[in-house]
Amino acid sequence: MRICEIFNSIQGEGLTMGAPTVFVRAVGCNLRCSWCDTGYSFEGGTEMTVDEIVDRVGDCFRVCFTGGEPMLQPDAVELIDRLVGKGIQVVLETNGSVDLSGVPNDPLVMISMDIKCPASGMTDRMCWDNVGLLSPKDQLKLVILDDRDLDFAVDFIKGHDIGCPVIFGPVGGTERLEWLVQRVLDEHIDVRVLPQLHKIIWGDKKGV
């Protein structure tokens, strides 16, 4: 498995925001979102076995398995199984374009899945069947740039039976939060509007 970085921090996004987390960032992504802030993970990295990754992770509360797109790694499911076997919660951050039917259905596995809005340029790459795999322990995230994105996001959640919490976040993680909150209130939709906590604390610094 090709790994970009492994580091210990707090979760900056979603329902586990602020919680101590070891991040395992895999190399490679099949999408090229216009606003991507982790392009450095598209290539390079270090080849590691599942055993080596588990050893590096050590004893911890949770692991965020992210990328790039971690489900492109051939040993992704094996790594998730190994971590769950140690009693570690795994938050799988996936871009929504790869079939997730093989992800272990375990209480310790949280799927954190994106739906790419129009400004990303990647909306037509989504694997829409994944939405039906999400359960209350998972989360669905939509990153919003502008009114077009917000309109798309609102239509999407109103048009689908989504079985998990939905999170709206602004492109950049901290910009236009007031605008996004007001739009959500105006639309009268039950979603969470969340910033990226790590951007508030460290800015664009890597490995945190």
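The values are calculated or read from the model by the stated rules, or taken from the named source; none is laboratory data. Bear in mind the structure is a predicted one, so any value in this text is a computation, not a measurement. Every residue, glycine among them, receives a Cβ derived from its backbone with ideal geometry; neighbour counts consider all protein chains shown.
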Query raised in the report: Do we have any residue at all in the range 71-85 that's within 14 Å of L31 (Cα to Cα) and at pLDDT 95 or above?
Result: yes
Query raised in the report: Do you know which residues across the range 86-104 are touching a Lys or Arg at 6+ places or on another chain (Cβ under 8 Å) and outside any loop (DSSP other than H, G, I, E, B)?
Result: Q89, V90, V91
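Give me the residue from the range 64-116 that is charged (D, E, K, R) and within 14 Å of the chain's Cα centre (by Cα) and, out of that set, farthest from I144 (Cα to Cα).
E69
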Query raised in the report: Any idea which of D106, D204, D161 is charged (D, E, K, R), under 28 Å from E5 (Cβ atoms) and modelled with pLDDT under 95?
Result: D204
Report summary line: Per the list (1) assigned to a helix (DSSP H, G or I); (2) exposed (fewer than 15 other Cβ atoms within 10 Å of the Cβ), residue check on S34 breaks on (1)
**Report entry** Residue list for the range 62-92, filter: buried (at least 23 other Cβ atoms within 10 Å of the Cβ) and touching a residue at least 60 places away in the same chain (Cβ under 8 Å)
**Finding:** G67, G68, L79, V91
Requested in this report: Starting from the range 28-41, take each residue that is over 8 Å from E69 (Cα atoms) and list its partners that are among the small types (G, A, S) and outside any loop (DSSP other than H, G, I, E, B), counting only C-beta distances under 8 angstrom and pairs at least six apart or across chains.
Outcome: L31/S120; C33/S120; S34/A119; S34/S120; W35/A119; W35/S120; S41/A26
Report summary line: Of those in the range 23-52 that are of a type in the set (A, V, I, L, M, F, W, C) and under 14 Å from the mean Cα position of the chain (by Cα), the residue modelled with the lowest pLDDT is C36
